[in-house]
Amino acid sequence: MSKIPVRVRSFSTDSNDASAAGEPADQASRSAGADAGGQDRETQETMVKLEPGKESLDVWRDRALRLQAEIENFRKRQRHLAEQQIATEREQLLRAFTRVADDLERALDARSGIEGLRQGVQVTYRNLMRLLSLEGVETIPAKGAWFDPALHEAVSTASHLDAGVEPQRVFKVTERGYRIGDRLLRPARVIVAV
């Protein structure tokens, strides 16, 4: 097995250092150099022989395993943080929907007949739309708009002559569509004039 030379600098830790004894720096370095055989003591280089192979391989293998463990622990922490964030946001959203459930329950408990029920449902609908608006949800305008397959889902067609609108225009909306920012939550289900 061959030996690899490695240069190691030796530093003086001598308590009899000349500079500590009050000698000028020039004289200290000369006296130190004389002790080291003409070389400065702080820059004296020593050759150390290391055997390549098992020791260095074990050190690198240990480092690699430690790095892999750190990466795996980082992934687990990030996954856990993401799950906590999702759970927190889900709780906040569902908490807001409990108010809608309360409004519906009050509307159903109303004893003032059909008109009271209608008013209760209207209040619930307004609260729900306000909740969606606070979350950034917008309705997709559809009635009378040009049919856009990216925003509308055609469930049926009608003659433009019977509908009284231009061809390729949305004649009727059967279900509203919603989007949040540029992302589509649900396309509007529409009847298109042809």
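The values are calculated or read from the model by the stated rules, or taken from the named source; none is laboratory data. Model, not experiment: these values are computed from the prediction. Neighbour counts are summed over all protein chains in view; Cβ atoms, including those assigned to glycine, are modelled from backbone coordinates with ideal geometry. Just the protein is used for accessible areas: all its heavy atoms, side chains included, with ligands, DNA and RNA removed. Shrake-Rupley method; radii C 1.70, N 1.55, O 1.52, S 1.80 Å.
Quick look at the numbers
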read-out: Protection-proxy order for peptides 160-171, 95-106, each taking the mean of Cβ atoms within 10 Å per residue, highest first; value: 160-171, 95-106
read-out: Sequence-distant residues sharing a close amide H with Glu153 (under 5 Å, placed H); value: Ala188, Arg189, Val190
read-out: Neighbourhood net charge (15 Å Cβ-Cβ; Lys/Arg +1, Asp/Glu -1) for Gly116; value: -1
read-out: Accessible area in square angstrom per residue, the stretch 60-164, 1.4 angstrom probe; value: 81
read-out: Calculated FRET value between Ala101 and Thr157, using beta carbons and R₀ = 45 Å, to 0.05; value: 0.75
read-out: Cut-off 15 Å between beta-carbons: net charge of the residues surrounding Asp102, Lys and Arg +1, Asp and Glu -1; value: +2
read-out: Length released on extending from Leu94 to Gln122, taking residue separation times 0.36 nm less the Cα-Cα span; value: 8.0 nm
read-out: Separation of the Glu70 and Tyr178 label points, Cα + 7 Å toward Cβ, nm; value: 4.5
